[in-house]
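I have placed the structure first, in the form of structure tokens, so that the comments after it can refer back to it.
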Amino acid sequence: MSDISACGIVVPTGWVPLPIEPSEDVRSWSKSTAAELRDQSRAAGYELDKVTLRRDLRSRVEDSRSREPFYAFALYPDGFDFALATLEVDLIHPDDTVPQITLDWLAETFSTDDFGRPNVLHVDLPIGPTVRIRQNFAADSHSRRDPGILLETLTYGALPTGAESALMMLMSWTVPGFSEKMEHAADSIAKTLTVDLC
């Protein structure tokens, strides 16, 4: 068996790559990215609040950096000054506690029943056998006075053919009414995942 040396993903227009490396300057990135997003939205007939947009961009980067994923993206459709969804890709390597990663282990480890049983399916992606987990979480709010929010997620845990490690893709969103669109987007993006083996 080989290990994963690199992975790739293709995301549609509207998904903004987040600078997750600690050496990257988030302040200047958020300023220039906010200007680009405002120009795009303005061309589509929407006016965005630059302060709200910059603050949201920085918040998304800080949140993703706390998990140290391989890749991170946030979805900013025209007219939105906050991210509609986030997407992260990461690798899980076997170790002494889990010498061999299996689909059953991924399903058990990454499932919770905060709001009922998760919907777990075994699917085949071009990179290999995969477990698909659709579930909801109770997420903390940003304020002590506000109640928690519903975090909807769709997780893919793939075992790329010939690799020892697993490739994980997680999409999450909190805006109600977008579940079907988000699931369709995640399903399409998951099919673009690729890996290089060493």
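The values are calculated or read from the model by the stated rules, or taken from the named source; none is laboratory data. Owing to the predicted nature of the structure, the values given are computational and were not obtained by experimental measurement. Glycine gets a Cβ as well: all are built from the backbone with ideal geometry, and neighbour counts include every protein chain shown. Calculation scope for accessible area: heavy atoms of the full protein, side chains included, ligands and nucleic acids excluded. Shrake-Rupley method; radii C 1.70, N 1.55, O 1.52, S 1.80 Å.
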Exercise for the section: Any chance you could count how many residues in segment 111-129 are open to solvent by 40 Å² or more (accessible area, probe 1.4 Å) and under 14 Å from Tyr156 (Cα atoms)? Expected result: 8
Exercise for the section: State all residues of segment 70-114 that are hydroxyl-bearing (Ser, Thr, Tyr) and more than 17 Å from Met169 (Cβ to Cβ); if no residue qualifies, say none. Expected result: Tyr76, Thr97, Thr102, Thr112
Completion exercise
If you go through His142, His184, the only one that is modelled with pLDDT of 95 or more, open to solvent by 30 Å² or more (accessible area, probe 1.4 Å) and over 25 Å from Val98 (Cα atoms) is His184
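Here's the yes/no breakdown for (1) in contact (Cβ under 8 Å) with a residue 60 or more places away in the chain; (2) β-branched (Val, Ile, Thr):
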{"site": "Val61", "(1), (2)": "no, yes"}
{"site": "Tyr71", "(1), (2)": "yes, no"}
{"site": "Phe80", "(1), (2)": "no, no"}
{"site": "Ala85", "(1), (2)": "yes, no"}
{"site": "Ala107", "(1), (2)": "no, no"}
{"site": "Phe110", "(1), (2)": "no, no"}
Handout entry: Of residues in segment 94-107 being modelled with pLDDT under 95 and surrounded by 11 or more Cβ atoms within 10 Å (Cβ to Cβ), the one nearest to Leu37 (Cα to Cα)
Key = Pro94
Exercise for the section: Quick one: which strands (runs of 3 or more DSSP E) lie wholly within segment 85-198 and hold at least 1 residues that are closer than 18 Å to Leu75 by Cα? Expected result: 85-92, 149-158, 166-173
Practice task
Name the residue, out of Ala6, Ala34, that is farther than 20 Å from Ser172 by Cβ, among the hydrophobic types (A, V, I, L, M, F, W, C), open to solvent by less than 50 Å² (accessible area, probe 1.4 Å) and free of Cβ contacts under 8 Å to residues at least 40 places away in the same chain.
Solution key: Ala34
Practice task
State whether the residues of segment 92-99 include one that is within 22 Å of Ile127 (Cβ to Cβ) and within 18 Å of the chain's Cα centre (by Cα).
Solution key: yes
Problem - Failed criterion for Phe80 (all others in (1) assigned to a strand (DSSP E or B); (2) surrounded by 15 or more Cβ atoms within 10 Å (Cβ to Cβ) hold) - result: (1)
Handout entry: Test for Glu180: is it of a type in the set (Asp, Glu), free of Cβ contacts under 8 Å to residues at least 24 places away in the same chain and out of contact with any Pro (no Cβ under 6 Å at 6 or more places or on another chain)
Key = yes
Practice task
Report yes if Val61 is in a strand (DSSP E or B) and more than 21 Å from Gly177 (Cβ to Cβ), otherwise no.
Solution key: no
Fill in the blank from the handout: In segment 50-77, anything surrounded by fewer than 17 Cβ atoms within 10 Å (Cβ to Cβ) and of a type in the set (A, V, I, L, M, F, W, C) is listed as Val51, Phe70
Practice task
Identify all residues within segment 37-48 that are open to solvent by 60 Å² or more (accessible area, probe 1.4 Å) and at negative phi; write none if there are none.
Solution key: Asp39, Gln40, Arg42, Ala43, Tyr46, Glu47
